[in-house]
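The values are calculated or read from the model by the stated rules, or taken from the named source; none is laboratory data. Just so it is clear, the model here is predicted, and its values are computed rather than measured. A quick note on method: Cβ atoms are made from the backbone with ideal geometry, for glycine too, and the neighbour counts reach across all protein chains shown.
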Amino acid sequence: MKRVKSISFMLASLLLISVLLSACGQDTKKDAATESTPNETKQDVTIDPLGKFDPPIDLSAAKFITQDVVYPEGQSESNNAWESLYKEMGINLKYDWIVKGTDAQYFQKLNVSIASGEIPDVMMVNSSQLKQLVEADMLEDLTDVYAQYATPAVKGIFEKDPMALQSATFDGKLYAMPKTEPMIGAQTPVLWLRTDWLKAVNLTEPKTWDDVLKISKAFTTQDPDGNGKQDTFGVALSKEIINGYPAMNGLFNAYGAYPRIWKKDDAGNLVYGSIQPEMKAALAKLAEMYKSGELDQEFGVKDGSKVAESLVSDRVGMLFGPSWASQWPLQDNKKKNSKAEWGVYPIPSVNGGEATVQMPFGANFYFVVKKGYEHPEVVVKMANWFNEKLYGPTADYLKYGVDDKGITTAKFALIDMYSPDKDLKRAQNVAKALSNNDPSALNPEEKSTYDKILSFRQGGDLNFFGENLQSGPEGAMMVLQKLWDAGKVVSEGYGGAPTDTMGEKKATLDKMENEIFTKIVYGAASIDQFDKFVEDWKKLGGEQITQEVNEWNASQK
């Protein structure tokens with residue numbers, strides 16, 4: 001009898017277990033279904049956008065480091081604060097290769113990798129490479145992982161710069177995290193002037209375009225450095241006339257010309273700025289200035305570093321450049337010659353008032369993930385960490401942004417991106433804190449800027465001369481803020497992915513553009529060659545690109 005009861009009990013137990021397992025199986029199926037549906041509440045709860053990978057994951061990458069990057073003592077490309085953070089967050093990161101130099105060198109090496117089919121798990125690409133890799137089906141679709149993992153801070157960046165995400169989207173799918181920049185401060189031009197030279201030649205700060213031209217001529221012919229030699233020239237210029245450093249974008253803007261960007265005309269159509277009639281007038285003026293010695297007679301073979309040497313060595317008195325020019329090379333000029341003084345001004349328009357200046361597209365480069373990599377969300381999480389460690393509740397700006405010796409540690413990060421108006425906000429907040437003598441409301445980056453400006457203003461620390469000129473109350477960012485508020489900043493009008501013809505022809509067209517513009521300025525080609533350039537540009541692919549760009553433009557309405 002006991003045995004029968006025992007068997008009955010066992011059968012009942014087995015039946016109960018079977019029911020429970022069946023229920024668990026159904027729940028498991030439900031959970032699996034939930035996990036595969038990005039927008040379900042359960043998945044949103046289980047995902048931690050700032051959480052570490054547990055167990056750790058292996059990740060291969062390629063890395064680009066600019067020439068100006070230096071590391072704190074004891075640190076290196078593979079041993080620094082960001083590398084330590086990635087390790088802490090469960091990423092075993094190994095670099096297939098690293099390029100320290102120019103972006104051209106990096107992308108050339110990446111082209112070799114792409115051609116061989118051997119690409120790392122994560123890499124930075126340019127727009128042409130992005131298009132090429134998407135068409136070759138070599139990249140992970142990031143649409144869902146962006147929606148699931150991106151923090152509100154990261155999504156907020158793309159809400160302010162929606163064209164950035166559009167440019168990484170193909171057939172409705174997101175294939176990259178755009179490397180956004182605070183472009184209003186990074187590339188939008190202002191006018192820099194040696195104010196000590198202004199006094200030497202008995203001229204006042206420029207209010208009109210004629211004032212600018214008069215100053216340029218005086219800086220060239222009236223011995224502003226007082227050494228008894230005619231060895232100075234008015235305006236700094238490198239071999240990259242457009243979008244280089246220093247470029248002539250600001251001078252072109254003074255004439256109402258907007259090279260290398262797409263801008264809406266009165267009918268709402270997008271037109272290419274480099275082929276508009278205003279460019280011809282600006283180029284004619286540049287050729288005239290070159291002939292009169294106001295430009296370096298060898299600018300066509302000098303890169304930005306060589307031009308910077310001229311600025312540092314008291315040979316140039318005027319620069320059309322971005323806000324950060326104050327920190328390099330103008331700060332080096334001040335440290336070499338303590339009597340050197342620089343002022344920053346809005347660029348006057350040839351038509352009176354202040355010129356409307358151009359702001360390039362906010363994302364020229366992109367972070368992508370190789371197709372088949374198991375954890376494509378890694379690029380989104382790295383973007384989250386970058387914003388969190390610089391600006392979030394757990395920020396440690398002196399460790400991950402800029403250290404107390406002025407070394408930009410943020411450049412060590414593999415994935416980085418910034419809000420387009422970040423620098424404007426910083427300048428505004430710092431100016432307010434300086435006025436009130438109260439930095440308590442500043443975020444870590446702003447507080448760092450505030451401290452540096454005080455070090456210069458109160459202690460005369462020339463290491464922060466450039467910081468004061470860039471972000472101080474009378475600095476470049478405040479000049480740009482006024483232009484921004486007045487609607488005098490025009491941004492790139494095309495925000496789509498590279499069109500088919502762009503992928504095939506843009507590099508050739510850009511090269512042709514730079515070559516003919518250089519020849520015109522040198523006097524090796526007449527100004528009338530501009531009209532021939534416009535015709536050739538249209539025939540060699542520009543007309544088709546214009547059509548494709550405007551098809552995209554029409555689709556946005």
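Remarks
- Residue ID - modelled with the highest pLDDT, chosen from residues in segment 125-166 that are closer than 22 Å to PRO498 by Cβ, among the hydroxyl-bearing types (Ser, Thr, Tyr) and buried (at least 16 other Cβ atoms within 10 Å of the Cβ): TYR146
- Yes/no for LEU283 being within 17 Å of PHE233 (Cα to Cα), in contact (Cβ under 8 Å) with a residue 12 or more places away in the chain, of a type outside the set (Phe, Trp, Tyr) and in a helix (DSSP H, G or I): no
- The listed residue being buried (at least 20 other Cβ atoms within 10 Å of the Cβ), of a type in the set (Gly, Ala, Ser) and either closer than 30 Å to PHE158 by Cβ or not assigned by TED's automatic domain parsing to the domain that holds ALA340 (or both), out of ALA247, ALA236: ALA247
- Qualifying residue in segment 96-118 (condition: closer than 23 Å to TRP385 by Cβ and acidic (Asp, Glu)): yes
- Matching helices (runs of 4 or more DSSP H) fully within segment 463-557 where at least 1 residues are among the polar types (S, T, N, Q) and in contact (Cβ under 8 Å) with a residue 40 or more places away in the chain: 465-471, 476-485, 500-522, 543-555
- Enumeration of residues in segment 141-178 that are among the hydrophobic types (A, V, I, L, M, F, W, C), within 13 Å of LYS131 (Cα to Cα) and in contact with a Ser or Thr (Cβ under 7 Å, 6 or more places away or on another chain): LEU174
- Among the residues of segment 492-551, those identified as of a type in the set (Phe, Trp, Tyr), closer than 26 Å to ALA104 by Cβ and modelled with pLDDT of 95 or more are PHE517, TYR522, PHE533, TRP537.
- Comparison of GLY300, GLY317, GLY293 shows that the only residue that is touching a helix residue (DSSP H, G or I) at 6+ places or on another chain (Cβ under 6 Å) and part of a loop (DSSP other than H, G, I, E, B) is GLY293.
Conditions (1) within 20 Å of PRO376 (Cβ to Cβ); (2) of a type in the set (D, E, K, R); (3) under 24 Å from the mean Cα position of the chain (by Cα); (4) surrounded by 14 or more Cβ atoms within 10 Å (Cβ to Cβ), marked per residue:
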residue	(1), (2), (3), (4)
ASP48	yes, yes, no, no
ILE57	yes, no, no, yes
ALA61	yes, no, yes, yes
ASN80	no, no, yes, yes
GLU83	no, yes, yes, yes
TYR86	yes, no, yes, yes
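- In segment 296-312, the count of residues that are outside the structural domain of ASP68 (by TED's automatic domain parsing) and closer than 17 Å to GLY475 by Cβ is zero.
- Hits in segment 437-452 (condition: part of a helix (DSSP H, G or I), under 24 Å from the mean Cα position of the chain (by Cα) and of a type outside the set (S, T, N, Q)): PRO444, GLU445, GLU446, LYS447, TYR450, LYS452
- Taken together, the criteria place LYS432 among residues that are surrounded by fewer than 23 Cβ atoms within 10 Å (Cβ to Cβ), over 24 Å from THR394 (Cβ atoms) and not acidic (Asp, Glu).
- Among helices (runs of 4 or more DSSP H) entirely within segment 354-436, having at least 2 residues that are modelled with pLDDT under 95 and closer than 19 Å to SER491 by Cα singles out 422-436.
- Residues located in segment 444-476, provided they are among the acidic types (Asp, Glu) and either within 21 Å of VAL312 (Cβ to Cβ) or assigned by TED's automatic domain parsing to the domain that holds LYS335 (or both): ASP461, GLU467
- Within the span defined as segment 519-532, one or more residues are polar (S, T, N, Q), surrounded by 14 or more Cβ atoms within 10 Å (Cβ to Cβ), in the same structural domain as ASP296 (by TED's automatic domain parsing) and farther than 30 Å from LEU165 by Cα.
- Check on SER448, in contact with a Lys or Arg (Cβ under 8 Å, 6 or more places away or on another chain), over 30 Å from SER555 (Cα atoms) and among the small types (Gly, Ala, Ser): no
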